[in-house]
Amino acid sequence: MSWLTKFLTSSIGRKLIMSLTGLFLVLFLIVHLAGNLQLLINDQGATFNAYAYTMTHNPLIKFIAYGNYFFILLHAVQGILLAIKNRQAKGSKYAVSTNKTASWASKNMALLGILIFAFLCIHMGDFWFKMKFTDIPMVAVEGLDYKVANLYSKVEASFAQWWIVLIYLIGLLALAYHLQHGFQSAFQTLGLNHKKYTPLIHSLGRIFSIVLPLGYAIIPILYLGNSMGWWTWFG
Amino acid sequence: MKLDAKIPAGSLAEKWTKYRSTMDLVAPNNKRRIDVIVVGTGLAGAAAAATLGELGYNVKAFTFHDSPRRAHSIAAQGGINAAKNYQNDGDSVYRLFYDTIKGGDYRSREANVHRLAEVSRDIIDQCVAQGVPFAREYGGLLANRSFGGVQVSRTFYARGQTGQQLLLGAYQALSRQISTGSVEMYNRHEMLDLVKIDGKARGIIARNLLTGKVERFAAHCVVLATGGYGNVFYLSTNAMGSNVTAAWRAVRRGALMANPCYTQIHPTCVPVSGEYQSKLTLMSESLRNDGRVWVPKKLEDAEAIRQGKKTGLDIPEEDRDYYLERRYPAFGNLVPRDVASRAAKVACDEGNGVAPTGLAVFLDFASAIQRYGKSRAHSAGMHNPNKETITKLGKEVIKEKYGNLFQMYEKISGENPYEYPMKIYPAVHYTMGGLWVDYNLETNVPGLFALGEANFSDHGANRLGASALMQGLADGYFVIPYTIGQFLSKEIRTPKIETSAPEFAEAEKAIETQLQKLIDIKGNQSVESFHRRLGKIMWEYCGMSRNAEGLKKARTMIRELRDEFWKDVFVPGTVDEFNPELEKAGRVADFMELGEVMILDALDRNESCGGHFREEHKTAEGEALRRDEEYAYVAAWEWDEKEPKMYKEELSFDNVELKTRSYK
Amino acid sequence: MKLTLKVWRQDNTQDKGRFETHQVVANEHMSFLEMMDVLNESLIAEKKVPVAFEHDCREGICGTCNMVINGRPHGPQKGTTVCQLHMRAFKDGDTIVIEPWRATAFPVIKDLVVDRSAFDRIIEAGGYISVNTGQAQDANAIPIEKDLSSQAFDAATCIGCGACVAACPNGSAMLFTSAKVAHLGLLPQGKVESSKRVQSMVSQMDEEGFGLCSNTGACEAECPKEISIVNIAMLNREYMSSVLGSKVTV
C-alpha cells in the first residue's frame, strides 16, 4: 500500500476526509443561503430567476457545482461506512444507556446525516431535477436579452403545500443538529484545538447551527403563510 | 551454611566502581545464546528486563497482571531520592548513604547502601531521558522537596504520583524491548515454582491464569522482582494482588528469607471503617508538615467522639493532647514513621482513639489554616482581616498544597477534612525483609537473583521515605545488568536449558497436585476468611509492637489456622479455567507459612530496632532500645515445615558509628 | 442499605452471556468493590462461582478495575475509578446494573473481566523514547518549560484502564493513544522520534479494531484521570504532519 492510500484509509485519514468535505459543505450552505434569500425580494422572482440562470449556466459555477455534488456523495458514503465500522468496533451495546456524557447530536451524526440526505433527494427532485429534465415556463427578465426559467413560480407552488414545508423544516432541524456537532468537530479532527481559539470556534459553530437553518427556514414559512393568507409579504 | 555477602575489597567509596570495572563480562555473541527469566514487572523487574534485553540477553518476563503496567510500584506517591545536590544544600553520595544507614537503624550492609547512593544520580538522568515528567521550577530545571528524617532536599517528585510516572518509564522501556523481540512478555502468568537443576536455578513453573494450564519455562538463570509481603497482614496499603508466592516458592526450594520481621508501618493512613474493609489507603507523609496530631485528653471525650455525640471541633484546646509535640519537642509531628506509628498505637491503647473502632487519631489542619490565612491576608495588604477571611484564605493555601490528598480523603471517608480534623491510623506499608542476597543480588541458590522490595538488602530495619523507588530502579537498571554477568560468564558453555529435564516434570507435577488438592478440599470457609484471620493474628502479635509471649502464642495460632485451612477451605470452580479464587488460595497458603517465619524472626530478635519493636526492650520513656552487641546481624531463615532454621550474616560497620536515634 | 444488583455473567469469550440478579446488603462506607466482595462472599457461602472482576491497588492508580455501572464506566462520580467509588453515591433500594467494558477490541474473558492487551500493543508500537539504560545525559541538561512539562504530565496521568474505549459509542482508543503521543511528543526528549511514533501507534491502533473518533467527548467525560480531548487534536495534527510533512513512512 502506498503511503497515500494508507493515509486515506487510516482512521485519522478517513476522518480528515469527513472534516474537509464537511467544512466545504458549510461554505456551500452559506453561499446557497445567500442566493436563496433573494426569494424574499418582492419583484415576482426577477432577481432570483436571473440568479438561478447564472448558477446553471456559468461554466465555472457548473464546475464547482459538480464538485459540490461529489463532496456531498463522498461525505455521505464515507459517513455511512464509518458508522458501520464504528458499530462493528463497539460490538454489543450497554443495557443501560446514558446521555449524560456526550451530546445527543454527536452520537447520532449518521442518523442526522441520513435524514439530511433524504431531504436533499426530495429537494433536488423538486427543483434541480425538474429544472433540468422537465419544461419549466420561461420568462423574460428586465435587463436580460434572453429568457430564463421561471424557477420562482416553482418555488411558490411548492411552498404553498404545507407538507412540503414540513419536510423542509424537518430536514433543516436535522441540519441544525448535524451542524451543532459537525462544525466544531471538523476543527478538532483537523487538529485545531487551542485554549484561546477553540471557544470561538464553538461559539461560531453554535451560531451557524442556528442561523443557517433558520435562514433557510424563513423562506418556506413565509411563502406558506403568504399563500395561506396568514400574512402578506408579497404584493 | 556460611553466608558470604561477597562484598568486594577496597574503600567504601571505590568498591563499586572498581568492582564494576573488573567484573567478568559476557561477550555480545554469547549473550544472544543466554536466556534469562525475570519474574515481576514493577520498577525493579521492568527495569531489569528492559536493560537485560537492551544488552542482548534473551529475556522472558512474567507478570500475573494483565499488563506489566499494573505493578504496585505504580501507587508510590511521594518521590524518589537522589544525591544530585541540585539545591546546593550540601547533599552528597556519602550523606545519602549515611542517612539511609542511620534511618535503617544500623541493620543494613554498608557496601550495598553506598552503591545505592552512588547510582541514585544515574536513575534521575535515565528517567528524565525516558520522558518522566518530574516537577520543575519556572526556570525549567528539576524541583526537589524534602522528606522525613533528612535535612536536605533531595527528593524528586512527579506530583503525588511519582511511582506511576517512574513505572510507566520502565514499562515503556520494556515495551520497546518487547517490540524488538529481545523480551518475550508473559502476562497473566503466575510463577508457582522454581526449578533447580544441579543446584542452580534453571527455570520456573508458571500457571497461565487465563487457561489454568501449568507451564514450564527454562533459562540459564532466574531473576525475582516480585515485591513485598505486606499483605500477610491482610489489611495493608499494598494492592490486593501483591503476594509473596513467587519468593516463597523459591524459599521452599532452598532460598533464604532474611529479616522477615522488619515491617514498615506507615503512620498516616485512612483508618479502618468496618469488617468488610479490604485494604487501606495511604495519605502522603508530606501532610505531617502542616497537620498536628492529637487525641482528647479525657477518656469521656474520646468515648463521646467514638459514639458520634461529639466531633473533634467540640473539644476545647486545653482538653487536647498533642502527644507527638509533647513527647518529641525537637521533631514534633515530623518524627520518623516508626516512632509516629507507635505513638498513635499507645494513644489508642490508652483508650483515646477517635474512630468508632477506637483506632484513629486526629490529624488537624486548623492551626495551619489560621497561620497560612493570616500570612496570605498580610501579603494581600489586609491589615485587620476578620476570622472568616483568614479561614477562607488559609483553606485556599491548604488546597493548593494538598488538594488532591484532601479530595482522596473525602472520597474514602465521606468527611470534609477542611472542616473536621482528619482521622488517621498507622497501616502496614512496606516490608524491609525479603530474600537474602549477596552484593551481586544473588540469593544463596546459584543463578537465582532477587531485586527491589523482594530482597532484603538496603533498608535495614526501617526504610526512609522516597527510598523504595530509588532501590527498585537502582537494582533493575544499574546493578543487576552488571552483577548478573558474574554468574552468567561461567555459563557460556551451558547449552540451552530444556524443559524436558526430569526436574521440570517433577516440579510441574507437584504444582498440579497442589492446585487440585486446593480444589478437592471442598470445605466450608472462603479463602478470604482465612486471609482475614491470618491478618488479625499477625497484626495483633507481630504488628506495631511485639512481645515474646504473644509471639509464641501467635505461632501456635498460625499453625492451627494452617491446618484448618488445608482441611476446610472452599475453592470454587476448577483448575483448568480462569479462577481468581484458586490464585488467591495458593497465595494465602504461602502467607500462612511466611507468617510463621516472621514470628520466629521477631521472637529471635530480642531487641527493638526500626520497624521491629519488642516491648521487653524499651527505654524508660518507652523508646526503642537496640542491642548492637548481640543483634547486629542479618537473620536468614531456611524453611522447614517443622522447625525453620536461621543462619546469621554478621554486619560490620567500618565507616559509620552506631548511635541511638533520638528525636526528643 | 439493601441493593438489587443486575450483574453481567459470561462464562468465557464464546459464551453469549446474561444478566443475573442478586440482593446485597451494604453500608455507605463501603467502596463499590467491597460491596462486590460482600456479594462474592455470599456466593461462595452458597458454593456458587463468584463474579469475576478485576481490581488491584484499590486506590485509583493501577487502572485494573473496570465496570460499567448503570451505563457509565467507573460509575456516576466524575474523575473516579470504581475502586474509589463509595456506596454513599447510591441510595437504599437502588437497582444497580453492572456490565463489562464493551468494545470489540476488548473481548470479555469472564463476567466483568475483559482483555485489554490491545493497549499494550499500541504502546509497544512506539509509545516510548528509544534510550538505552546508561545513555542519558545529566537530568538538568535540557531545561523544560514548567507549563509544557505540566501539560505533558496531564497526558501522562493515563492509567490505561480503558474507560475511554468503554465510554465511546464507537469503541475508539483515540484518547488513550493520543495521551501517550502527547506526553512524549511535547517533551524535547520525545520529539526526536515523534514522526515515526505517531504513525506506528495509529497504525497499530487501527489494526486492533478500535473504532474511529467522532469527537463526542464521552471519553473525556468518563476518564477517571480527566484527560482532555485536546490531546486527540494534537494526535490528529501530529499524524497529518508526520504523514504529509515528513519523509517518514511506517
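One table, with the values for the structure above:
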item	result
Among (1) within 18 Å of A:Trp128 (Cβ to Cβ); (2) open to solvent by 50 Å² or more (accessible area, probe 1.4 Å); (3) not hydrophobic (A, V, I, L, M, F, W, C), the one test that A:Asn42 misses	(1)
Filter result for A:Leu33 (closer than 25 Å to A:Phe234 by Cβ, surrounded by 17 or more Cβ atoms within 10 Å (Cβ to Cβ), at pLDDT 95 or above and not basic (Lys, Arg))	yes
Every residue from region B:601-628 that is among the hydrophobic types (A, V, I, L, M, F, W, C), under 18 Å from B:Gly460 (Cα atoms) and open to solvent by 10 Å² or more (accessible area, probe 1.4 Å)	B:Leu603, B:Phe613, B:Ala624, B:Leu625
For C:Glu145: the one exception among (1) over 23 Å from B:Arg121 (Cα atoms); (2) at the interface with another protein chain (Cβ under 8 Å from one of its Cβ atoms); (3) surrounded by fewer than 24 Cβ atoms within 10 Å (Cβ to Cβ)	(1)
Residue satisfying condition, being open to solvent by less than 10 Å² (accessible area, probe 1.4 Å) and farther than 30 Å from B:Leu235 by Cα, within set B:Ile492, B:Ile484	B:Ile484
Given (1) out of contact with any helix residue (DSSP H, G or I) (no Cβ under 6 Å at 6 or more places or on another chain); (2) not in a loop (DSSP other than H, G, I, E, B), index of the condition B:Thr499 fails	(2)
Residue check for B:Asn416: over 13 Å from the mean Cα position of the chain (by Cα), farther than 27 Å from B:Lys2 by Cα, within 14 Å of chain C (Cβ to nearest Cβ) and without any contact (Cβ under 8 Å) to a residue 24 or more places away in the chain	yes
Any hit, region C:161-181, residues being under 16 Å from the mean Cα position of the chain (by Cα) and facing chain B (nearest Cβ under 8 Å)	no
Selection within region B:1-33 - part of a helix (DSSP H, G or I) and open to solvent by 60 Å² or more (accessible area, probe 1.4 Å)	B:Thr17, B:Lys18, B:Arg20, B:Ser21, B:Thr22, B:Pro28, B:Asn29
Residue count, region C:183-199 (criterion: in contact with a Gly (Cβ under 6 Å, 6 or more places away or on another chain) and among the basic types (Lys, Arg))	1
Where C:Ile159 falls short, out of the listed (1) open to solvent by 10 Å² or more (accessible area, probe 1.4 Å); (2) under 27 Å from B:Leu141 (Cα atoms); (3) assigned to a loop (DSSP other than H, G, I, E, B)	(1)
Residue satisfying condition, being within 22 Å of the chain's Cα centre (by Cα), open to solvent by less than 10 Å² (accessible area, probe 1.4 Å) and facing chain C (nearest Cβ under 9 Å), within set B:Leu142, B:Leu168	B:Leu168
Per-region count, region B:100-139, residues surrounded by 24 or more Cβ atoms within 10 Å (Cβ to Cβ) and acidic (Asp, Glu)	1
Identity of the residue in region C:15-38, part of a strand (DSSP E or B) and among the polar types (S, T, N, Q), that ends up least open to solvent (accessible area, probe 1.4 Å)	C:Ser31
Number of the condition not met by C:Asp120 [criteria: (1) touching a Lys or Arg at 6+ places or on another chain (Cβ under 9 Å); (2) surrounded by 22 or more Cβ atoms within 10 Å (Cβ to Cβ)]	(2)
Output for region B:39-61, where each listed residue is among the hydrophobic types (A, V, I, L, M, F, W, C), within 14 Å of another protein chain (Cβ to nearest Cβ) and open to solvent by less than 20 Å² (accessible area, probe 1.4 Å)	B:Leu43, B:Ala44, B:Ala46, B:Ala47, B:Ala48, B:Ala49, B:Ala50, B:Leu52, B:Val59, B:Ala61
Qualifying positions in region A:162-192 - within 13 Å of another protein chain (Cβ to nearest Cβ) and open to solvent by less than 30 Å² (accessible area, probe 1.4 Å)	A:His181, A:Gly182, A:Phe183, A:Ser185, A:Ala186, A:Gln188, A:Thr189, A:Gly191
Every residue from region B:186-227 that is touching a Ser or Thr at 6+ places or on another chain (Cβ under 7 Å), assigned to a loop (DSSP other than H, G, I, E, B) and open to solvent by 10 Å² or more (accessible area, probe 1.4 Å)	B:Asn187, B:Gly227
Condition met for C:Phe32 (at pLDDT 95 or above and within 14 Å of chain A (Cβ to nearest Cβ))	no
C:Asn12 vs. criteria open to solvent by less than 60 Å² (accessible area, probe 1.4 Å) and not acidic (Asp, Glu)	no
Spans of helices (runs of 4 or more DSSP H) in region B:311-408 with at least 3 residues at pLDDT below 90 and buried (at least 17 other Cβ atoms within 10 Å of the Cβ)	B:337-349
Only one of A:Leu60, A:Leu82, A:Leu111 that is free of Cβ contacts under 8 Å to residues at least 24 places away in the same chain and within 14 Å of another protein chain (Cβ to nearest Cβ)	A:Leu111
Total residues in region A:111-149, condition open to solvent by 30 Å² or more (accessible area, probe 1.4 Å) and over 22 Å from the mean Cα position of the chain (by Cα)	13
Qualifying residue in region A:88-97 (condition: surrounded by fewer than 19 Cβ atoms within 10 Å (Cβ to Cβ), assigned to a helix (DSSP H, G or I) and either more than 10 Å from chain C (Cβ to nearest Cβ) or modelled with pLDDT of 95 or more (or both))	yes
Lone unmet requirement of (1) more than 14 Å from chain C (Cβ to nearest Cβ); (2) open to solvent by 10 Å² or more (accessible area, probe 1.4 Å); (3) aromatic (Phe, Trp, Tyr) for B:Trp248	(2)
Count of residues meeting criterion [open to solvent by less than 40 Å² (accessible area, probe 1.4 Å), under 23 Å from C:Gly160 (Cα atoms) and either of a type in the set (S, T, N, Q) or within 14 Å of chain A (Cβ to nearest Cβ) (or both)] in region C:62-102	19
Residue satisfying all of: in region A:199-235; open to solvent by 20 Å² or more (accessible area, probe 1.4 Å) and among the polar types (S, T, N, Q); nearest to the chain's Cα centre (by Cα) among these	A:Ser203
Answer from C:Gln189, C:Gln199, C:Gln204 - the residue that is part of a helix (DSSP H, G or I), touching a helix residue (DSSP H, G or I) at 6+ places or on another chain (Cβ under 8 Å), modelled with pLDDT of 95 or more and at the interface with chain A (Cβ under 10 Å from one of its Cβ atoms)	C:Gln199
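The values are calculated or read from the model by the stated rules, or taken from the named source; none is laboratory data. All figures in this text were calculated on a predicted structure; none of them were measured in a lab. In this analysis, Cβ positions are derived from the backbone assuming ideal geometry, glycine residues included, and neighbour counts consider all displayed protein chains. Side chains are part of the model used for accessible areas, which takes the heavy atoms of the whole protein and leaves out ligands, DNA and RNA. Shrake-Rupley method; radii C 1.70, N 1.55, O 1.52, S 1.80 Å.
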